[in-house]
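Each remark here refers to the structure printed beneath this line.
The values are calculated or read from the model by the stated rules, or taken from the named source; none is laboratory data. Quick caveat, the model's predicted, so the values are computed rather than measured. Neighbour counts are summed over all protein chains in view; Cβ atoms, including those assigned to glycine, are modelled from backbone coordinates with ideal geometry. Accessible surface areas use protein heavy atoms only, side chains included; no ligands, DNA or RNA. Shrake-Rupley method; radii C 1.70, N 1.55, O 1.52, S 1.80 Å.
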Number of protein chains: 2
Amino acid sequence: MVSLMDEQSFSLADLMGKKLTLQKGDCVFCQGQMFDSVYLIGAGSLKTYNLNSTGKEGVTGFYFQGDIVGFSGMDMGYHPCFAKALEPTQVYKILFHEMEDLSALEPFWARQVLQIMSRQIRENQRLIALLGSRSERKIASFLLGLSAKFNAEVSSAEFFKLTMSRNDIAAYLGVSGETVSRTLTQFHKKGYIQVKGKEVSILSFSALQQLNV
Amino acid sequence: MVSLMDEQSFSLADLMGKKLTLQKGDCVFCQGQMFDSVYLIGAGSLKTYNLNSTGKEGVTGFYFQGDIVGFSGMDMGYHPCFAKALEPTQVYKILFHEMEDLSALEPFWARQVLQIMSRQIRENQRLIALLGSRSERKIASFLLGLSAKFNAEVSSAEFFKLTMSRNDIAAYLGVSGETVSRTLTQFHKKGYIQVKGKEVSILSFSALQQLNV
DNA sequence: CGAACCCTTGATTGATGTCAACATACGTGG
DNA sequence: CCACGTATGTTGACATCAATCAAGGGTTCG
């Protein structure tokens, strides 16, 4: 996979984007804030979430190195969600009108942006297709997706870190935090995964894939 | 809202896209098929869905006039879903590499494409945020979203037509067909909506919005 | 006109949310 | 470095929503 973090585009990002360093809990942008930029993630991870009138968080996505966060604000002109760092994180701020200009100038960049948006649409639709399935399957799919993402883009370590809390995962998949806990220990007891706090390793991809259907 | 169906871009679409006429049930593309085009909808409506190994349909989206369908296939190089007409429908086939060329030449077009993709990301995330909520709320949100879309883009008629079946709605929202039926009649009894087969009219937006939270 | 599909409604069952208690990890300040 | 307090995670008991099964009516299309 060609990534925006490859050398060629890294220089592009450097050119156009102001580099921001975030601590855990810092927000890149807030729900309702005016849209003028998107953010390319250089390192770390973010979650996007919105608050409904009851104050409950709905997590709409997790973002890692090479992802761009903030596109959902483009068409309405304001961000419909918060974007908050899950760990120390670096992002490159990309002013939207500069990105548009560059699209006209640099075909490689334009194609990369479309690729990233397309990937996001596909990933969102993968989740939507899970909407009706049981929590076991949702969580299996979540682990497999995360593992694929990490192996492809971040590292090939056996263990990967869940930088988000169990409740974040729960709010993302539309289940309760307790169900996430229960299902993880269930997977562990069946020998599908190994869990050490926030570190997870998949022992049987096939078993999870079978649940995933 | 500026739409791709406005005069200026209509001529663009005419220029680049071969016009296809579909009957109800016809597929624009199939799951697994190679990606080379996206499709701008001129009239009618489509659903996208995928089949899992058990043969069960998971509906990932509904698309109407002015939407572009097929972006989810871009980054992997093949379509991860079917796109099937829900009624007599017209689409403009847009070869992807031609779209890229035109985007480089025509900033207006490039911006429109980004807008449409952004809207789709936002709409998908709105659904994802509903993942954990009760079916009542899911269906209320679905009706409100559809109503907004129709009023904005298709017509301002009081009634709008559900071109998809109850089971399609169910598969989209991750509930059972029976639950869709029951909830609609419940809304009807409470005076929130009027239902005549596939025609629906919203009598109390506020009541539905309150459920929507 | 028949057959297939779609929709509605009822009864039952099962999965999962909620509540509660406890355990563990984390961060902060002494 | 320890001690405390808070946030996060785990586990159990129970309640509830919605899936499933089933039956019947309605609609569409060949």
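Neighbouring Cβ atoms from other chains, within 10 Å of the Cβ of residues in A:54-64, number 3 on average. A simple spin-label model places the labels of B:LYS196 and A:GLN186 4.7 nm from each other, with each point 7 Å out along Cα-to-Cβ. Rounded to 0.05, the FRET efficiency of the A:GLN90 and A:ARG166 pair, given R0 = 25 Å and the Cβ-Cβ distance, is 0.45. Distances, shortest first, from the label point of B:GLU158 to those at the same position in the other copies read 6.8 nm; the point lies 7 Å along Cα to C-beta. Inter-chain Cβ neighbour count for B:162-170, averaged per residue, equals 0 (cutoff 10 Å, partner chain atoms only).
Of the peptides A:53-62, B:185-194, the order by per-residue mean of other Cβ atoms within 10 Å, starting with the highest, comes out as A:53-62, B:185-194.
Put a plus charge on the Cβ of each Lys and Arg, a minus charge on the Cβ of each Asp and Glu, and nothing anywhere else: the dipole of region A:7-127 about its Cα centre is then about 440 debye.
Assume the label is 7 Å from Cα along Cα to beta carbon: what separations in nm does A:SER181 have to the matching positions in the other copies? Label-point distances to the other copies, shortest first: 4.0 nm.
The angle between the Cα long axis of helix B:107-129 and the longest principal axis of the Cα atoms of chain B comes to about 30 degrees, rounded to the nearest 10. The residues of the protein assembly as shown expose, per residue, 43 Å² of accessible area to a 1.4 Å probe. Placing +1 on each Lys and Arg Cβ and -1 on each Asp and Glu Cβ, with no other charges, gives the protein assembly as shown a dipole about its Cα centre of roughly 2140 debye.
Selection among B:THR185, B:PHE205, B:PHE159 by position relative to the dipole of region B:133-212 gives B:THR185 as farthest towards the positive end (Cβ unit charges, Cα centre). Relative to one another, the C-alpha centroids of region A:31-95 and region B:19-71 are positioned 29 Å apart.
Mind checking the angle between helix A:7-16 and chain A's longest principal axis? C-alpha axes, 0 to 90 degrees, to the nearest 10. Approximately 60 degrees, to the nearest 10.
A protection proxy built from the mean count of other Cβ atoms within 10 Å ranks the segments A:63-74, B:72-83, A:25-36, most packed first, as A:63-74, B:72-83, A:25-36.
Under 1.5 on a/c is rounded, so check that first for region A:130-212, then, if it is not, pick prolate when a/b is larger than b/c and oblate when it is not; a ≥ b ≥ c are the square roots of the alpha carbon gyration tensor eigenvalues. Judged from the Cα gyration tensor, region A:130-212 comes out rounded (a/c under 1.5).
Counting only Cα atoms, the size of chain B along its three principal axes is 53, 41, 31 Å, in decreasing order. Note on chain A: GNM, Cα springs under 10 Å; of A:ILE128, A:ILE41, A:ILE169, the largest mean-square fluctuation is that of A:ILE128.
Across peptide A:128-138, the average count of Cβ atoms from other chains found within 10 Å of a residue's Cβ is 6.
Applying a threshold of 31 Å to the alpha-carbon distances of A:LYS47/A:LYS189; A:LYS149/B:LYS161; A:LYS56/B:LYS190; A:LYS24/A:LYS149 flags A:LYS149/B:LYS161 as lying beyond it. For the protein assembly as shown, the ratio of Cα radius of gyration to the globular rule of thumb 2.2 N^0.38 Å stands at 0.97. Farthest toward the positive end of the dipole of the protein assembly as shown, out of A:LEU22, B:GLY42, B:SER147, is the Cα of B:SER147, where the dipole comes from beta carbon charges about the Cα centre.
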